[in-house]
Structure formats: structure tokens, C-alpha cells
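The values are calculated or read from the model by the stated rules, or taken from the named source; none is laboratory data. Here the structure is a predicted model, which is why all the values come from computation and not from measurement. Glycine gets a Cβ as well: all are built from the backbone with ideal geometry, and neighbour counts include every protein chain shown. Just so you know, the surface numbers come from the protein's heavy atoms only, side chains and all, with ligands and any DNA or RNA stripped out. Shrake-Rupley method; radii C 1.70, N 1.55, O 1.52, S 1.80 Å.
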Amino acid sequence: MQSQKTVAYPSAPNQNQTVLPRQVAFAAAFLLPIGKFLEAPSLLARYAKGDLLLPALIRFFIEALVLTAVLFAATRSEKTLSERINATLGKWSALVYALFAIYYLFAVLLPILDLEKFAYAAFFDTAPTIFYFAVFFLFSAFFAAKGIKTVGRVADLCLFLFLLPFLALIVMSFTDTDFSHLLPFFGTKFSGTVQSIRVTSPHFSDVALLLPLIANCRFTQPKKQKNAPNTDNIKGGKPILLGYAVGALLTLLFFAVFYAVFSSLAPREHYAFSKIAQYFPALEVIGRVDLLLVYLLTVVLFFYTCLPIHYATGCIAKVFCIQRRTWISALINVALFLFALFCNRLYNTFYLVIANRLAPVFWLIADLLPLFLLCLPKQNNFTPRPPTSDNARTTRRSTKKAKKEPQNA
């Protein structure tokens, strides 16, 4: 008999290629929000003005509905979504992985340019060369070559790297906040809300960034005995929804504080999280200690920017049935470094293409395609098979040996 070749995330149960529901929840709560703290606040303020929370709420609600559908599909089977896709589609699953690989490669272009512009503006007094930014791609190449379990560990780490600095910056910014700037509610035309939803669509594709984690997360344990009921982890999907709700609330709090601080100047204030606490009175005495908090959040931003690169590397490895992802990761990061080297001055062009012309494609892949996971069969086939004659003899011998050991002792 010919043995089937396993891929990067094998269909057989493997603890090294699975993540925990807790880690997915932490990623939704403390890793995804950082991607909305750079350009999204100024874009929302430009088109929606004081109603910038409304388009964000609409996007979060849509993403929550899609996430609920994906979690329902994931928690109704003993197998992970990745295993069920491989078993159901067979060789055709390579087309799905190829499609998502292309999506992740396009999705990472704007975050890379945003990170480059932010790093140069926040950490350098004079314009450095592009080769300073090459350190990020070395880190990204190492990170993307690791398994999916590494992303889960990073999510655990972000609980401290994100939450404490974020809350500290919010508290420091309260001295200059005036929430009356957000009034009156619904003071902007709904067309401005629709426009802000469209231009910020690349920043709110959260389900697509959680999908590889959920696809390799096992919510239901297999049956240990033939007639025993499944030990379903019914609560497995609820912490993820709760984590996403926490991340949404933290993001909305940040948007509200940002507009309460800058008001009509908000559309011109880019890289928002590095500026909201700069008017804290004590900084005139003790110096810019808020930058230390910004540095910690920048580490989380590094991890966030590496997520699509990691996912694209895993999808390409699945398409070509490659176990070791080192060379794939190296080639992708070299290509992205060349992109940042030669295309950093074309940021507005790339943003118009991705946010305007390619927005329907992004919505199709990020929000509609995951809904087809509801059509996957359950495939609960982890129940132990009846012992054959050969392994029955082995079982009886091991049982007799176990009974004799206490007597000899």
C-alpha cells in the first residue's frame, strides 16, 4: 500500500501543529487590535468625522457574524477544519490553499509599508536608509519558518506586551480628552460612513487572520470508548468570541480617545498610538517615557505584520507538499524586502488599488469564502477500531505482564 504524503499541517493528529482555543482568543483580543492603530483612526476620522465609531461597529458586527459561523463549523466535529478540508477536497484542497496564499501576500503589502513609515517617523530623527528596516525581514523569515503553534505562543505573550502598555497610554491621554467632540451622534451623513467602511476594509479583515489558527484548533476530543459520548468542548468557541469582543471594545475605546484628543485634527494625525499620550503633563518633567510603552506595542505590531507572511508560507507549503518551510519563508521575505525597497514611495497608489479596486475581492475571500466551511461534513472517525487478532494477542501479553510485575515486586 502507498502511504499518503503529509503536508505542513498534517491531517493526522499532531500536538505540535495545533493551537488552543485560549490562544486564539488571546490573538483576537490582544494581537489583532494593533493593526488598526496606525492608519485606520485617521481614515475613519477623515470620512466619518465624529461618527468614526459607527463604521467600526458595523465592521466588527459583520466580522463577528462570520467568526460565529466559522466557529460553529469548527466545533461540530472531532477533526480540525484543516483535517476536514484535506479529507473532503483531497488534491483540490491545494486550490484553496493557493487562493489564501495569494490573499495573504496581498494583505501584507500595506501593513509592511505602514510599519516602515511608522518606524522611520517614530524612532528616527533623520531619514535612515531602507537597510535599517531589513532587520524586520530577518525576524519575519525566522518567524514564518516555524509551525502554527508558534503563533499560539505569541498570542499568549501578547497578553502582557499589549494590554499593559495600551492601558497605560489610555490613562496618560485622559488628561487631554474631551469626549464632547464625538457629539452629536449620527452627525455625519451615512454616505461618509459607507465610504469609511470601504476605505478601511484592509484593516478589518479579522476572520481571515484568525482562520488558520481556528483551522488548526481542536475543540472536540475523540471518543475513548466505543459507546462513550463525545467529550465535546462546547465552550471552546465561546472564549474566542469573547476574546474578539474584548479586542473590539479596546479598539473602539482607542478610537474614541483618539478623536477626543485631536478632534478636527484627527484626519492628519497618522500612527495614532504613538501620539495620544504625548500631551501628558508629567512628560515635561520626566521625559518621553511614553515611548517605552510605544516600543512594547511596536513588538506586538511586528508580530501582527508577520502573521500574513506566516500564513502565506504555510499555505504555499501545503500546495507543494513541502515539510520544511525555511526556503519558502526566505524567498517570500526577500521578495517583500525588494517590494519595500522600491515601492515605498508608491504607498498611495497601492492603497487605492487594494482598498478601492480590490476591496470586493478582499471581502469575497476574507468574509464570504469562510462561510463555505459550514458545508464540510463532520467526519467523526477517531473512534478506536475493534482489535485484530494480531494486536489482540499483543494486548493480552501486555496485560499479563502488567499483572505479574506487582507480584515480583
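Taking region 351-376 only, how many residues are surrounded by fewer than 17 Cβ atoms within 10 Å (Cβ to Cβ) and over 22 Å from the mean Cα position of the chain (by Cα)?
Result for region 351-376: 5.
Return the residues of region 285-344 that are modelled with pLDDT under 90, farther than 25 Å from Leu89 by Cβ and among the polar types (S, T, N, Q); say none if nothing qualifies.
Hit for region 285-344 is Asn344, nothing else.
Considering only residues of region 28-73 that are more than 17 Å from Thr200 (Cβ to Cβ) and among the small types (Gly, Ala, Ser), which is most open to solvent (accessible area, probe 1.4 Å)?
That would be Ala69.
Would you mention how many residues in region 317-333 are surrounded by 20 or more Cβ atoms within 10 Å (Cβ to Cβ) and closer than 22 Å to Leu113 by Cβ?
Qualifying residue count, region 317-333: 3.
Of all residues in region 74-92, count the ones that are on the phi < 0 side of the Ramachandran plot, open to solvent by 10 Å² or more (accessible area, probe 1.4 Å) and among the small types (Gly, Ala, Ser).
1
Among the listed residues Val135, Val207, Val171, Val108, identify the single one that is under 30 Å from Ile322 (Cβ atoms) and loosely packed, with under 14 Cβ neighbours inside 10 Å.
Being under 30 Å from Ile322 (Cβ atoms) and loosely packed, with under 14 Cβ neighbours inside 10 Å holds for just one of Val135, Val207, Val171, Val108, which is Val135.
Would it be correct to say that Ala119 is at pLDDT 90 or above and either under 23 Å from the mean Cα position of the chain (by Cα) or surrounded by 22 or more Cβ atoms within 10 Å (Cβ to Cβ) (or both)?
Spelling it out, it is not the case that Ala119 is at pLDDT 90 or above and either under 23 Å from the mean Cα position of the chain (by Cα) or surrounded by 22 or more Cβ atoms within 10 Å (Cβ to Cβ) (or both).
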